Every structure is written in structure tokens, then in C-alpha cells.
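J.: Below you will find the structure I want to go over with you.
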Amino acid sequence: MNSIHALPRPAAARAPLNLPGGAPAHASLAGILRERLLRPRFQPVVDLSHSRIYGHESLIRGPADTPLHFPDALFAEARRQGLHPQLELASFRAGARGFEQNDAAGKLFLNLSGSALLHYWTLWGHDMPGRLLKDCALEPASIVVELTEQDP
């Protein structure tokens, strides 16, 4: 088992993202966040004991055909720019809205890092569930927050 204190930050988190010259605004992280261009994909979570779908996990994607399409690049760039909490919040909300729009049944599993969770708890306190689900009619009881392993 690795010690979290001994793990170096990945090179992708330290190096700036190389965007092609004249790339459209949606190719930048700021543009993606401003234009709400994150798109959730939903992976079923299966209850094997009852052979049924228990819920879905939201997996986030940036705009297709950009360097920030896949989550590794997206989150590395957010860390590099100091926008990680904002990206996590936008991802959380995009997943909740997508789940609601699809009228999916079961629980929704949404990812948050421990640092983002603490960041938003410090800002919002007991109002955090409602603030996380802003512009979404999902009940907080239908959400399962999954802590990520992304924090160093």
C-alpha cells in the first residue's frame, strides 16, 4: 500500500496544457466551465444479489475532439490552474442535471474529492446539499457521494 505523502504529483498536473493555436473557447477549461460544456455518461451500478440495476455513476467528459475530453486531462488541467473545486462542482451539477433529464431510476453516484467536499462545506455548511444540487429537483436522499482518490 502506498503512502499518500510519498506519491508525487503526476507530470500532467504540473505541465501546462498545450492547446492548438486559435483553439475555440470550448477547448479551454475556463470556456468549458463558463459555457457548461461538461457532459455526463452514466455507468450502471448493479445489485448482484437481486440481479437489478441499483443506480448509476456519473462519469464526466469535456467536449469531444478537444484535449480536455477525457477526465484525466480535464482534472489535471483544473489542478494546474487552481480550478479543481470549480470543476468538481460543475461535474457534480452536470451529472445531477443529466440524471434528472433522463428520468433515471435508482440512486445517482457522484464523485467528489475530500478537498472539494471540505471546500464547499466550509463555504456553505448545512446548506451544502441544496447548493450542490442547485437548479436540480433531485432529492439529496437519491444521491450517493463517492469520495475520489484524487487528493495528494
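Derivation of every value follows stated rules applied to the coordinates shown; laboratory data play no part. Note that the structure is a prediction, hence the values are computed from the model and not measured. When we count neighbours, we look across all protein chains shown, and the Cβ atoms used for this are built from the backbone with ideal geometry, even at glycine.
J.: Could you tell me whether His56 is over 17 Å from Leu33 (Cα atoms) and surrounded by 20 or more Cβ atoms within 10 Å (Cβ to Cβ)? It would help to see each step written out before you state the result.
T.: Numbers: over 17 Å from Leu33 (Cα atoms): yes; surrounded by 20 or more Cβ atoms within 10 Å (Cβ to Cβ): yes.
The answer is yes for His56.
J.: Need the failing condition index for Leu59 against (1) in contact (Cβ under 8 Å) with a residue 40 or more places away in the chain; (2) closer than 13 Å to Asn111 by Cβ; (3) within 14 Å of the chain's Cα centre (by Cα), just the number.
T.: It is condition (1) that Leu59 fails.
J.: Is it the case that segment 128-141 has a residue that's out of contact with any strand residue (DSSP E or B) (no Cβ under 8 Å at 6 or more places or on another chain) and within 17 Å of Phe42 (Cβ to Cβ)?
T.: Yes, because at least one residue in segment 128-141 is out of contact with any strand residue (DSSP E or B) (no Cβ under 8 Å at 6 or more places or on another chain) and within 17 Å of Phe42 (Cβ to Cβ).
J.: Which residues, taken from segment 129-152, are assigned to a helix (DSSP H, G or I) and within 16 Å of the chain's Cα centre (by Cα)? Walk me through how you get there before you give the answer.
T.: Restricting attention to segment 129-152, the residues satisfying the condition of being assigned to a helix (DSSP H, G or I) are 129-132, 140-142.
Across segment 129-152, the qualifying residues are Pro129, Arg131, Leu132.
Per-residue answers, yes or no, for (1) surrounded by 15 or more Cβ atoms within 10 Å (Cβ to Cβ); (2) touching a Leu at 6+ places or on another chain (Cβ under 8 Å); (3) in a helix (DSSP H, G or I); (4) not small (Gly, Ala, Ser):
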site	(1), (2), (3), (4)
Leu68	yes, yes, no, yes
Leu74	yes, yes, yes, yes
Ala78	yes, yes, yes, no
Pro85	yes, no, yes, yes
Leu117	yes, yes, yes, yes
Leu123	no, no, yes, yes
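J.: Scan segment 40-52 and tell me whether some residue there is within 21 Å of Ser115 (Cβ to Cβ), touching a residue at least 40 places away in the same chain (Cβ under 8 Å) and not charged (D, E, K, R).
T.: If we filter segment 40-52 for residues that are within 21 Å of Ser115 (Cβ to Cβ), which is where we start, we get none.
So far as segment 40-52 goes, no, none of its residues is within 21 Å of Ser115 (Cβ to Cβ), touching a residue at least 40 places away in the same chain (Cβ under 8 Å) and not charged (D, E, K, R).
J.: Within segment 130-152, take every residue that is of a type outside the set (Gly, Ala, Ser) and free of Cβ contacts under 8 Å to residues at least 12 places away in the same chain and give me the one that is surrounded by the most Cβ atoms within 10 Å (Cβ to Cβ). First the steps, then the outcome.
T.: We begin by selecting, within segment 130-152, every residue of a type outside the set (Gly, Ala, Ser); these are 131-136, 138-140, 143-152.
Those left that are additionally free of Cβ contacts under 8 Å to residues at least 12 places away in the same chain: 131, 139-140, 149.
Values: Arg131: 13, Glu139: 9, Pro140: 11, Glu149: 8.
That would be Arg131.
J.: For segment 101-125, give me each residue that is touching a residue at least 12 places away in the same chain (Cβ under 8 Å) and within 16 Å of the chain's Cα centre (by Cα). Steps first, answer last, please.
T.: Keep residues of segment 101-125 that are touching a residue at least 12 places away in the same chain (Cβ under 8 Å), which gives 102, 104-117, 119-120.
Selection gives Leu108, Phe109, Leu110, Asn111, Leu112, Ser113, Gly114, Ser115, Ala116, Leu117, His119, Tyr120.
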